[in-house]
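Beneath this line is the structure, given in structure tokens, with notes to follow.
The values are calculated or read from the model by the stated rules, or taken from the named source; none is laboratory data. What you see is a predicted model; the values in this text were computed from it and never measured. Counting neighbours? That spans all protein chains shown, and the Cβs are built from the backbone with ideal geometry, glycine included. To get the accessible areas, we keep the full protein, side chains included, count just its heavy atoms, and leave off ligands, DNA and RNA. Shrake-Rupley method; radii C 1.70, N 1.55, O 1.52, S 1.80 Å.
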Amino acid sequence: MSARVKKGLFFTIAASVLFGISPIITAWASESIGDAMSVVFWVHLVHWSANMLLCRIRKYKIRLSQVSRQAPPLMALGVIGIGCTSYLLTTSYSLIGTGISTMIHFAYPAVVAILAALLRQEPFSARKGTALIFSCVGICLLTELSLVNADPLRYIPAFLSAFTYALYLTANGSRRMNQLPGPVKCAVMSAGICIFFGLVLLLRGGISAPSDIKGWICVLLAGLLAAAGYNGLVYGIRQIGPSQAAFATLLEPCTSMVIDILVTGAGITLSKLAGCCSILIAVYLNSRNGKES
């Protein structure tokens, strides 16, 4: 495994750990705000502010014409891939809980692998197929098959979030979307999210704000986690490609499970432990595929 691949995996895995912490904090913010769309707006306003500060610190020398050419597709990518995914997940948290929502969301590596094979003609190797099987088994074990006796309509937002995020990861692998430095790219995408959801909220009647200091703190933390996580993910995708990055981020549900146990006192079961082991095997198998073209 080359140094570049190792570095890409490191940043992608680090991003997945940060994203794994985010759901419970976002759920707390949602309790304070009471509106999923407003949660998305405030969190990504912090996300945008953090990226703008980082761009100012790094002092990138970029022509305005270069940014203006990239802005429309990047803003659209941010709205669909990050904003809509955040909205769907935040909605899902109130319908079926953060744990199961996060697990269902992680059907996206399978979607990314299929899209990569169809759109980028990437070989679907036996190793990748085996990793996909282990990832699906791991997710089923982590959810403890709790979908069986539930109203299927309540799971639609979580399943849709898997598709919007898969589109985000796949598009991030294209050269057209990678002509700006990572923080600049993230700033443009988060700006698109704030503009789109802000306008929708204003047309709908107004933007709901956190009702207490805890809500504001949760918004701040969730936004900072988003900024750090998406910058790490953007960098990781540039090094190892979207398909391999998608599998590397499978560590996020394992992180979410650990956080859920530590914060809420949820029990550790044999099924959850087996699910984590299965996901770790999936991540390892896919990492052996090496650098993607």
Apply the a/c threshold of 1.5 to the C-alpha gyration tensor of region 12-116 and tell me whether it is rounded, prolate or oblate. prolate
What dipole magnitude, in Debye to the nearest 20, does the chain give about its Cα centre under +1 on Lys/Arg Cβ and -1 on Asp/Glu Cβ? 1520 debye
Show 260, 151 ordered by accessible area, largest first, where the area counts protein heavy atoms only and the probe is 1.4 Å. 151, 260
Lysine pairs within the chain, Cα separation less than 24 Å, 8 or more sequence positions apart or different chains: 12
Which helices pass in the chain if a helix is a full DSSP H run, must span at least 15 angstrom along its long axis by Cα, and must have mean Kyte-Doolittle hydropathy not below -1.0? 3-33, 36-58, 64-77, 85-96, 108-119, 126-143, 156-172, 182-204, 213-240, 251-264, 270-287
If you stretched the chain out fully between residue 174 and residue 119, how much longer would it get, using 0.36 nm times the residue separation minus the C-alpha to C-alpha distance? 18.7 nm
Whole-Å distance, taken between Cα centres, linking region 77-97 and region 174-236: 12 Å
Specify which residue in the list 39, 81, 237 is farthest towards the positive end of the charge dipole of the chain, using unit charges on the beta carbon of Lys, Arg (+1) and Asp, Glu (-1), about the Cα centre. 237
Helical contribution to [θ] at 222 nm, DSSP H n ≥ 4, -39,500 (n - 2.57), averaged over the chain, rounded to 500: -26000 deg cm²/dmol
When ranked by the protection proxy of mean other Cβ atoms within 10 Å per residue, highest first, what sequence do the peptides 187-196, 61-70, 202-211 form? 187-196, 202-211, 61-70
Rounded, prolate or oblate for region 9-69? Axes are the square roots of the Cα gyration tensor eigenvalues, ordered a ≥ b ≥ c, and the cut-off for rounded is a/c under 1.5. oblate
Report the accessible area of residue 155, computed with a 1.4 Å probe over the heavy atoms of all protein chains in place, in Å² rounded to the nearest 10. 20 Å²
Restricting to Cα pairs under 8 Å and 6 or more apart, the percent relative contact order of the chain works out to 44 percent
With every protein chain kept in place and a 1.4 Å probe, the residues 214, 185 fall, from largest accessible area down, as 214, 185
Rounded to the nearest 10 Å², what accessible area does residue 130 have for a 1.4 Å probe in the complete protein model? 60 Å²
Measure of exposure for residue 37: accessible area at 1.4 Å probe, Å² rounded to 10, is 20 Å²
Honestly region 125-218 on the Cα gyration tensor test (a ≥ b ≥ c root eigenvalues; a/c under 1.5 rounded, otherwise a/b vs b/c for prolate or oblate) is just oblate
Roughly speaking, what is the stretch gain from residue 64 to residue 270, that is 0.36 nm per residue apart minus the C-alpha to C-alpha distance, in nm to one decimal? 68.7 nm
Here are labelled values, [x] 14; [y] 25; [z] 37, and one is the computed percent of Cα pairs over 35 Å apart for what I pasted. Which one? [x]
Hey, for a label at residue 217 modelled as a point 7 Å past Cα toward Cβ, could you say which residues of region 1-41 have their backbone N under 19 Å away? 21-34
